[in-house]
1. Could you tell me how many of the residues in the range 290-303 are assigned to a helix (DSSP H, G or I) and surrounded by 13 or more Cβ atoms within 10 Å (Cβ to Cβ)?
2. So residue 157 clears everything in (1) polar (S, T, N, Q); (2) closer than 26 Å to residue 216 by Cα; (3) at pLDDT below 90 except one condition, right? Which one?
3. Out of (1) modelled with pLDDT of 95 or more; (2) open to solvent by 30 Å² or more (accessible area, probe 1.4 Å), what's the single condition that is false for residue 287?
4. Consider residue 312 against the criteria (1) of a type in the set (A, V, I, L, M, F, W, C); (2) open to solvent by 30 Å² or more (accessible area, probe 1.4 Å); (3) assigned to a helix (DSSP H, G or I); (4) within 22 Å of residue 252 (Cβ to Cβ): it satisfies all of them except one. Which criterion is unmet?
5. Counting only residues that are within 16 Å of residue 9 (Cβ to Cβ) and part of a loop (DSSP other than H, G, I, E, B), which one in the range 28-51 is least open to solvent (accessible area, probe 1.4 Å)?
6. In the list 246, 238, 256, which residue meets the criterion of being in contact (Cβ under 8 Å) with a residue 24 or more places away in the chain, assigned to a helix (DSSP H, G or I) and open to solvent by 60 Å² or more (accessible area, probe 1.4 Å)?
7. Collect the residues in the range 160-200 that are open to solvent by 80 Å² or more (accessible area, probe 1.4 Å), over 20 Å from residue 220 (Cβ atoms) and without any contact (Cβ under 8 Å) to a residue 12 or more places away in the chain, keeping them in residue-number order.
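The values are calculated or read from the model by the stated rules, or taken from the named source; none is laboratory data. These figures come from a predicted structure and were not determined experimentally. Here the Cβ is made from the backbone with ideal geometry for all residues, glycine too, and neighbour counts use every protein chain on show. Remember, those area values only see protein heavy atoms, side chains included, never the ligands or the DNA or RNA. Shrake-Rupley method; radii C 1.70, N 1.55, O 1.52, S 1.80 Å.
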Amino acid sequence: MDESPKRFDRIVAILIQLQSKKIVKAQELANRFEVSLRTIYRDIRTLEASGVPIYSEAGVGYALMDGYRLPPVMFTREEVSSFIAAEKLMQKFTDPSLGSHYASAMFKLKSVLRSTDKDWLSNIESKVVMQTAEPMFNDNSPNTLAVLFESIAEKKQILLSYKTVERDEKTQRNIEPVGVFHDHNNWYFLGYCHLRKDYRQFRTDRIQGIQKTESDFTIEHDSLENYLAKTETIPTIKVRLLIEKKIARYLETERKYHGYISEKEVDGQIEMTFMCRDIESSFPRWFLMFGDYAKILEPERLKVRALELLEINKKRLL
């Protein structure tokens, strides 16, 4: 089989990736294209021999000389179809400010498409709809993600006006954002709070106001992944439930939020195992939603807490 077309496509893709970042590591390229480092070194030499100005530094990576740009490239139909999903996601799952910037970028992308691909794109983009259950951003803070991205990139503190669930009043605090993540159908960011002198998570729909300041970060922060990994070390309690099969299938979406580990069939019912962080509030309340179709096998404390909540509800209904 002739590998020349495949190698040509890979070399062009490497050149495009070199334009996408300031520094690109050889291992990063090898992982993406699933080839050896030796193959990447050979491809880089081919680009250099073709006149592409690449400089490298041992242990750092490759970079293009400032000012070099590849002429506009054509997109495949598969790449064009990915634009549709990305555009719809940006419209529904980001704040208005960032969404408008993305819309502007999409116009530029669409401008280089072939006429047939533009027609193809128009035929299906109106047939794709993204829906969200709840607003992810407060109307008072329409540029939340855009400000966070700028703050992280420039290492500048933000002034945050925030309202927690527990307290109705707003607090103002200076934050050094570490990173942004999406979880449980909400956007969050983690940052060092100068008010609390510790790291805190903030939900974007509770942000009442946000602005970047000229104050530099005062701390060299670890990566977002490492901070989030630390939360996984919070002690957990093993929970086992025996659930009627006809109900168990309806729990597939929410169970992952409560520490779901595994399940097995026992006498025509489903036994689910969880490693739960909160058997005093969130888990027992979730359990009571389907508790008439389930049985708590362990721990005993969860049974007691579920009964306590039922007794509270009973008194309020009488």
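1. Taking the range 290-303 first, the residues assigned to a helix (DSSP H, G or I) are 291-293, 300-303.
From what's left, surrounded by 13 or more Cβ atoms within 10 Å (Cβ to Cβ): 291, 293, 301-303.
Matching residues across the range 290-303 total 5.
2. Single failed check for residue 157: (3).
3. Among (1) modelled with pLDDT of 95 or more; (2) open to solvent by 30 Å² or more (accessible area, probe 1.4 Å), the lone unmet condition for residue 287 is (2).
4. (4)
5. 35
6. Working: 238 fails: assigned to a helix (DSSP H, G or I); 256 fails: in contact (Cβ under 8 Å) with a residue 24 or more places away in the chain.
Unique residue meeting the criteria: 246.
7. Once the filter is applied, which keeps residues that are open to solvent by 80 Å² or more (accessible area, probe 1.4 Å), over 20 Å from residue 220 (Cβ atoms) and without any contact (Cβ under 8 Å) to a residue 12 or more places away in the chain, the range 160-200 yields 166, 167, 168, 169.
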